[in-house]
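Colleague: Here it is: the structure, laid out below.
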Amino acid sequence: MNKKNIFRIVAALFLVACMIGFTLYQRIFSDNVLKDGEIFIGKSDTMAQLDAKIAPFLEDFNSFTWVKSQKKFKSTEAGRYLIKKGMSNNDIVNMLRIGRQTPLKVSFNNQDTLEKFVERIAEQLETDSISLMNAFKNEKFLKENDLTEKSVLQIFIPNTYEFYWTVSAEDFRTKMLVAYKRFWNKSRLEKAKKLNLSKDEVIILASIVQKETAQKSEKPTVAGLYLNRLKKGWPLQADPTVIYVIKEQKGQDYVVKRVLNVDLEINSPYNTYKNTGLPPTLISMPDQITIDAVLNAEDHDYYYMCVNVEKLGYHAFAKTLAQHNRNAVKYHNWLNDQGVNR
């Protein structure tokens, strides 16, 4: 065989090798993701389930499975993974194999009960509601933090927080407690002290204000009214506390549009018509705006309030019982006209 033929064979082999190398490089390192997205891999997910979740994002699914097999990728860490347009099969496999998941934003607003809060969180994380509830009601945790099953709701300040999707119920609880302690900074603690209230008492009062009004501008006024009553040693006579008792007895889905005189006689430490001072614990989860409204309560001479029928959603405030009675008559007449009996 002459040199010319040998050169041709070597050149052909080199060309084939280049073509194979280029094809392999394309399979491994070229872009294969069509669109941005996210996938959630559960702890019990199989590789077949992983494939089914990632396939819709890929231009060439077969090249992905080939790379996966070549890299002996047989298991992945559970988590939330971001898939970005332009990623290669190599990028995806490496990300999944080492468990390089991306945290997500977990948010919640003020929840009426611990049960509702647990449901809200379980919707956003892998952990289930039972695990969360058990973590929040853990006797050791409650005792160490001077909490009860009724008061534990106060450590959750409505906001948006960052967590890994796979965070355990216990780690979630710990991070929320840290955030709660951070919320009670020096400034807030000093304001609570000036009101002669502990942070627990501020939360309790804020929970009542939260239920009393949805108007941000009105919250400091309502808080100031209740503080005036506390200073005088008067019962708060807060309808939300009576509604809380009724719902405790009849169920959280029971609708109370009107508090009746018979309701005011219910024997319960949460009934602020029969008892002076604050209830034993919060009656709902107050948000930061409402807590700060208590800490920055308006200084005024109001001691009474009822719904303002001329501006629904707001309250009519009064300094004297005579003024309040006139406002109350308007409100009760309006309820009767609307046919609201309960």
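The values are calculated or read from the model by the stated rules, or taken from the named source; none is laboratory data. Note that the coordinates shown come from a computational prediction; the quantities given were computed from them, not determined experimentally. Backbone-built Cβ (ideal geometry, glycine too); neighbour counts: all protein chains shown.
Colleague: Of the residues ASP263, ASP253, ASP301, which is more than 34 Å from the chain's Cα centre (by Cα) and over 28 Å from TYR180 (Cβ atoms)? Before you say what the answer is, go through the steps one by one.
Modeller: Details: ASP263 fails: more than 34 Å from the chain's Cα centre (by Cα); ASP253 fails: more than 34 Å from the chain's Cα centre (by Cα).
Sole residue among the options that is more than 34 Å from the chain's Cα centre (by Cα) and over 28 Å from TYR180 (Cβ atoms): ASP301.
Colleague: Could you list all residues from region 209-234 that are under 21 Å from the mean Cα position of the chain (by Cα) and either closer than 15 Å to LEU295 by Cα or of a type in the set (A, V, I, L, M) (or both)?
Modeller: Listed by number, the residues that qualify are VAL209, GLN210, ALA214, LYS216.
Colleague: May I ask you to list pairs of residues, at least six apart or on different chains, whose Cβ atoms are under 6 Å apart, with the first in region 39-52 being modelled with pLDDT of 90 or more and the second being of a type in the set (Ser, Thr, Tyr) and surrounded by 12 or more Cβ atoms within 10 Å (Cβ to Cβ)?
Modeller: ILE39/TYR81; ILE41/THR76
Colleague: Could you list, in sequence order, the residues of region 58-89 that are surrounded by 18 or more Cβ atoms within 10 Å (Cβ to Cβ) and polar (S, T, N, Q)?
Modeller: SER63, THR76, SER88, ASN89
Colleague: Is there a residue being modelled with pLDDT under 95 and among the charged types (D, E, K, R) anywhere in region 164-180?
Modeller: no
Colleague: Shifting gears a bit: Can you tell me which of LEU225, LEU132, LEU153 is buried (at least 17 other Cβ atoms within 10 Å of the Cβ) and assigned by TED's automatic domain parsing to the domain that holds TYR273?
Modeller: Working: LEU132 fails: assigned by TED's automatic domain parsing to the domain that holds TYR273; LEU153 fails: assigned by TED's automatic domain parsing to the domain that holds TYR273.
Answer to the check: LEU225.
Colleague: Moving on to the next point. Would you mind finding the one in GLN252, GLN237 that is in a loop (DSSP other than H, G, I, E, B) and either at pLDDT 95 or above or touching a Cys at 6+ places or on another chain (Cβ under 6 Å) (or both)? Before you say what the answer is, go through the steps one by one.
Modeller: Numbers: GLN252 fails: either at pLDDT 95 or above or touching a Cys at 6+ places or on another chain (Cβ under 6 Å) (or both).
Sole residue among the options that is in a loop (DSSP other than H, G, I, E, B) and either at pLDDT 95 or above or touching a Cys at 6+ places or on another chain (Cβ under 6 Å) (or both): GLN237.
Results for (1) in a helix (DSSP H, G or I); (2) under 21 Å from PHE61 (Cβ atoms); (3) touching a residue at least 12 places away in the same chain (Cβ under 8 Å), shown as yes or no for each residue.
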{"residue": "LYS85", "(1), (2), (3)": "no, yes, yes"}
{"residue": "ASN90", "(1), (2), (3)": "yes, yes, yes"}
{"residue": "ARG97", "(1), (2), (3)": "yes, yes, yes"}
{"residue": "SER107", "(1), (2), (3)": "no, no, yes"}
{"residue": "LYS116", "(1), (2), (3)": "yes, no, yes"}
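Colleague: Then there's this: Does region 124-144 hold any residues that are in a loop (DSSP other than H, G, I, E, B) and more than 10 Å from the chain's Cα centre (by Cα), and which are they? Write out each step before concluding.
Modeller: So in region 124-144, the residues in a loop (DSSP other than H, G, I, E, B) come out as 124-128, 137-138.
Of everything in region 124-144, those that are in a loop (DSSP other than H, G, I, E, B) and more than 10 Å from the chain's Cα centre (by Cα) turn out to be LEU125, GLU126, THR127, ASP128, LYS137, ASN138.
Colleague: Scanning for something touching a residue at least 12 places away in the same chain (Cβ under 8 Å) and assigned to a helix (DSSP H, G or I), does region 158-168 turn up at least one residue? Give the steps one after another, and end with the answer.
Modeller: First, the residues of region 158-168 that are touching a residue at least 12 places away in the same chain (Cβ under 8 Å): 158-168.
In the following step, the residues that additionally are assigned to a helix (DSSP H, G or I) were identified as none.
Looking through region 158-168, none of the residues is touching a residue at least 12 places away in the same chain (Cβ under 8 Å) and assigned to a helix (DSSP H, G or I).
A quick yes/no check of all residues on (1) aliphatic (A, V, I, L, M); (2) assigned by TED's automatic domain parsing to the domain that holds LEU225; (3) out of contact with any helix residue (DSSP H, G or I) (no Cβ under 8 Å at 6 or more places or on another chain):
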{"position": "TYR302", "(1), (2), (3)": "no, yes, no"}
{"position": "MET305", "(1), (2), (3)": "yes, yes, no"}
{"position": "VAL309", "(1), (2), (3)": "yes, yes, no"}
{"position": "HIS315", "(1), (2), (3)": "no, yes, no"}
{"position": "ALA318", "(1), (2), (3)": "yes, yes, no"}
{"position": "ASN325", "(1), (2), (3)": "no, yes, yes"}
{"position": "LYS330", "(1), (2), (3)": "no, yes, yes"}
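Colleague: Find all pairs meeting these conditions: Cβ atoms under 7 angstrom apart; at least six residues apart or on different chains; first residue within region 242-254 and crowded, with 16+ Cβ neighbours inside 10 Å; second residue part of a helix (DSSP H, G or I) and not small (Gly, Ala, Ser).
Modeller: The qualifying pairs are VAL242/ASP263; VAL242/LEU264; ILE246/ASP263.
Colleague: Checking LEU177 against (1) in a helix (DSSP H, G or I); (2) in the same structural domain as GLU298 (by TED's automatic domain parsing); (3) out of contact with any Phe, Trp or Tyr (no Cβ under 7 Å at 6 or more places or on another chain); (4) in contact (Cβ under 8 Å) with a residue 24 or more places away in the chain: exactly one of these is not met. Which one?
Modeller: If we test LEU177 against (1) in a helix (DSSP H, G or I); (2) in the same structural domain as GLU298 (by TED's automatic domain parsing); (3) out of contact with any Phe, Trp or Tyr (no Cβ under 7 Å at 6 or more places or on another chain); (4) in contact (Cβ under 8 Å) with a residue 24 or more places away in the chain, just (2) comes out false.
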